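Each value in this text was obtained by applying a stated rule to the coordinates, not by laboratory testing. All figures in this text were calculated on a predicted structure; none of them were measured in a lab. As a convention, Cβ positions derive from the backbone with ideal geometry for all residues, glycine included, and neighbour counts pool all protein chains shown.
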Amino acid sequence: MTAAPLWLIQNVRLADRDGLWQIAIDKGRFGEITPMGEAHDESYEVLNARGGLAIPPFIEPHIHLDTTQTAGEPNWNQSGTLFEGIERWAERKALLSHEDVKARAWKTLKWQIANGVQFVRTHVDVSDPTLTALKAMLEVKQEVAPWVELQIVAFPQEGILSYPNGEALLEEALKLGADVVGAIPHFEFTREYGVESLHIAFRLAQQYDRPLDIHCDEIDDEQSRFVETVAALALKAGIGPRVTASHTTAMHSYNGAYTSRLFRLLKLSGINFVANPLVNIHLQGRFDDYPKRRGITRVKELLAAGINVCFGHDDVFDPWYPLGTGNMLQVLHMGLHVCQLMATSRSTTACSLSPTTAPARLASRITALSAATRLT
């Protein structure tokens, strides 16, 4: 077996230090980082970075690779709402095949790889008696491993209690190998179902030792307040860092008094948040006349409270979002604008939302460019 070559990347800029540097790579791992000009072993193959910035690989904390590349099949989402998107996906889901799911997921994964993404958390719909998409994505996870670490969320798109055998299907998905427990309380038939679904999700997460990523309050309704239940359950179980509340778009409609009380709980719980700027601003506010809500959670306020917030792409050319390239910098660009994070006083805060820093905390991944970091 041929040994991996020794590489030395020269004339590199680093985000946390001045000047130009050189980075050694030995057997697929980052080695020493030394100032330019220091002597190096002549056996290294040299790559000239020409003053380029070296950063850790990007992390995609929230995407749906089972639904990707299906926009308009068999029908378009004419209203542009989340709920019609779910209806259109249900139509397309009836046509799924194993190879269909794999081919579409691979297409988008290649886009992501080309855009520097090396860790992906994908939600996969398990509201399906055959679990077709999940079984296909478990294969994709193994196939893509040389290039991307893929983490799969068992996502009950049509509810745990509102879909026939939803709880059993969610548990079966975990037994088959799903990495994360999902839920969608705001889509359950009643508020009571929504709360109960969260108790089920947390019980399964503890039973199977899995983290949780909840589609939570993705609606303009100011009465959708399931995030408080998510945070309370996480606090009680002492697992806040392993819990993520995705979307929480209803938070943009909460009154100040309630939000003040809520933030105390959120800080105590230690849970993570994922906002999806491209898709949130596209789907939300559809029932408003004018003024229209921006449709994104309180990112600035969450960050100011010391709470971990990430940006995700969410959808790529599917019933919820008819665009997308897999480029996390486009996601960041939209988020900085919509959340008004570009004031000078916010520059450090804005940098914390980069596709490397905050998602790494969510995924419990160390992304610092340091010795012994594995190259993938």
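Across the chain, where is the longest run that never hits chymotrypsin sites (Phe, Trp or Tyr not before Pro) in a DSSP loop with at most 16 other C-beta atoms within 10 Å? Display every interim value, and only then the final one.
Details: sites that count: W76, W147, F189, Y208, F287.
That would be 288-376.
Relative to the longest principal axis of the chain, what angle (0 to 90°, nearest 10) does the C-alpha long axis of helix 98-114 take?
Value to nearest ten degrees: 50.
Taking only Cα atoms, what is the 0 to 90° angle, nearest 10, from helix 328-338's long axis to the longest principal axis of the chain?
The helix 328-338 is inclined about 60 degrees to the chain.
Each label point is 7 Å from the Cα along the Cα-to-Cβ direction; what then is the distance between the points at D41 and W106, in nm?
3.7 nm
Run the numbers on the chain and let me know its relative contact order in percent, using alpha-carbon pairs under 8 Å that are six or more apart. Numbers along the way, then the final one.
Working: 775 pairs, mean separation 68.0, N = 376.
Computed over the chain, the figure is 18 percent.
Quick check: convex hull over the Cα atoms of the stretch 58-362, volume per residue in Å³, rounded to an integer?
Residue-normalised Cα hull volume stands at 118 Å³.
Can you tell me which of 23-29, 149-155 comes out highest on packing, and rank the rest after it, using the mean Cβ neighbours within 10 Å? Walk me through the intermediate numbers first.
Working: 23-29: 15.7, 149-155: 24.3.
Averaged packing, sorted descending, gives the order 149-155, 23-29.
Any idea how many Lys pairs in the chain come in under 21 angstrom at the alpha carbon, given 8 or more places apart or on separate chains?
17
Could you compute the FRET efficiency for A54 and H98, with r as their C-beta to C-beta distance and R0 at 56 Å, rounded to 0.05? Before the final figure, lay out each step's value.
Numbers: r = 39 Å, r/R0 = 0.70.
That gives a FRET efficiency of 0.90.
Express in nm, to one decimal, how much length is gained between D221 and E172 on full extension, taking 0.36 nm for each residue of separation and deducting their alpha carbon distance.
Full extension from D221 to E172 adds 14.4 nm.
Assign unit charges at the C-beta atoms only (+1 for Lys and Arg, -1 for Asp and Glu), then state the dipole size of the stretch 201-317 relative to its Cα centre in Debye, rounded to the nearest 20. Present the calculation step by step, with values, prior to reporting the outcome.
Details: 14 positive and 13 negative charges, 96 e Å.
With only Lys, Arg, Asp and Glu charged at Cβ, the dipole is about 460 debye.
Please give the helix 82-93 orientation as an angle from the longest Cα principal axis of the chain, in degrees from 0 to 90, rounded to the nearest 10.
80 degrees
Listed highest first by mean packing, meaning other Cβ atoms within 10 Å per residue, what order do 327-339, 170-182 come in? Mind dumping the intermediate values first?
Working: 327-339: 18.9, 170-182: 20.5.
Descending packing order for the listed peptides: 170-182, 327-339.
Between Q207 and S79, take the C-beta separation as r, use R0 = 51 Å, and let me know the FRET efficiency to the nearest 0.05.
0.85
Indicate, rounded to the nearest 5 percent, the antiparallel portion of the DSSP beta bridges found entirely in the stretch 58-362. Spell out each step's value before the answer.
Details: 1 of 29 bridges.
Around 5 percent antiparallel, to the nearest 5.
Going by C-beta contacts inside 10 Å, put E99, E91, E167, E188 in order with the fewest on the left.
In order of increasing Cβ crowding within 10 Å: E99, E91, E167, E188.
Report the label-to-label distance for E143 and Q330 in nanometres (one decimal), using points 7 Å from each Cα along the Cα→Cβ vector.
Those two pseudo-labels are separated by 2.4 nm.
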